[in-house]
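Q: Encoded as structure tokens, here's the structure I'll be asking about.
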Amino acid sequence: MESKSIARISQLERLPTELIRAILKELTSVPTLRSAILSCRLLYNSFTGDSSAIARRVLLNELDLCDVRPEAIAVLMASRLSQITRSSAREFYRAHLQNRDVEVYVRLTLNEVARLSELHLVVSSLAEDFAYITFEEPYGWDNYICHRQPQPLELSTLEKHRNMRMLYALQLFFKVFGQFSMHEEKLVEGVYDFILNFALLELETIARLRDFLHLYGPTVSTINNNLYFTGLVNTELTLETTTYNERSALVNHASVPEAQFDILERAWELLWVEILDILHMGTLLPLFTE
């Protein structure tokens, strides 16, 4: 009788809890972790005993697969800053964009893990669409004119990862300038401080991404629309909305405070103008000092 009850126990149920948790930590995406713990009471109970550590480890696995951990963590750290000045912004850029600080010991709540995972899914989706439409689609755009490309290109993994890093950089731009404490006349210096952290090839990628977002998301990426500045997550979500009420709810849920909106709008315009000037000159110079 006892041998029959033992036979009903699966191999998974015979493992110690510590080993099950170690297995969960090896998963490579937060959606996979979510599916796993919802599929089995044993996995769920094992997860709840050390949920924050497991979720954090799985998120970092997911980010590391695309080499975007520093940029993703930078977006999170920017949201934790209480007030951003030009000096604090430059110090932040130095740590997270120039040195690509991976914040090994950063603490993440379950809510922060969920938000970063959602952002990563949006960045991944946008990067895939950008790569296909810009390089792999048989038909491309040049000065808003559709033409057939002589030979569609397929981007390498490294190039796709660079596109994702630049999308994270744009999200970081929204975060920083959404709470920037600076007079408008000094805004150009603040924008240039941001630009100085990227190589020319990266700036060209940012310029292409800007065109992509404006061309293929016209209802959410125009300068006159507040929704664009709520960030990439709401940009992607709004593309899927079908009614005015749904779109309005997204705007109200994560809109930039009215007092800050003019600064952010102006900063976005300056970013585009400055990048075009730099690409035209073919050089990047530290034009401003403190």
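Q: Can you list residues whose amide H is under 5 Å from I84's amide H, if they're 5+ apart or on another chain and H is modeled 1.01 Å from N?
A: For I84, whose amide H was placed from the backbone, the distant partners under 5 Å are S181.
Q: Okay, next question. Once phi is turned into ³J(HN,Hα) by the Karplus curve 6.51 cos²θ - 1.76 cosθ + 1.60 with θ = phi - 60°, what whole-Hz value does each residue of the range 68-82 show in order, with x for glycine and proline?
A: Taking θ as phi minus 60°, the curve returns 10, 4, x, 5, 5, 5, 4, 4, 5, 5, 5, 5, 8, 6, 6 Hz for the range 68-82.
Q: For the range 62-106, which whole-number percentage of the solvent-accessible area (1.4 Å probe, protein heavy atoms only) is attributable to carbon and sulfur atoms?
A: Of the solvent-accessible surface of the range 62-106, carbon and sulfur hold 47 percent.
Q: Let me ask another. What does the convex hull of the Cα atoms come to per residue for the range 3-107, in Å³?
A: Cα convex hull per residue, to the nearest whole number: 106 Å³.
Q: Sticking with this one: Would you mind getting the accessible area per residue of the range 20-120, heavy atoms of the protein chains only, 1.4 Å probe, in Å²? Don't jump to the answer; show the numbers that get you there.
A: Working: 5030 Å² over 101 residues.
Heavy-atom accessible area per residue stands at 50 Å².
Q: Along the principal axes of its C-alpha atoms, what lengths does the range 46-94 span, in descending order and rounded to whole Å?
A: 45, 24, 11
The values are calculated or read from the model by the stated rules, or taken from the named source; none is laboratory data. Computed from a prediction, not measured in an experiment: that's the story for all the values here. Calculation scope for accessible area: heavy atoms of the full protein, side chains included, ligands and nucleic acids excluded. Shrake-Rupley method; radii C 1.70, N 1.55, O 1.52, S 1.80 Å.
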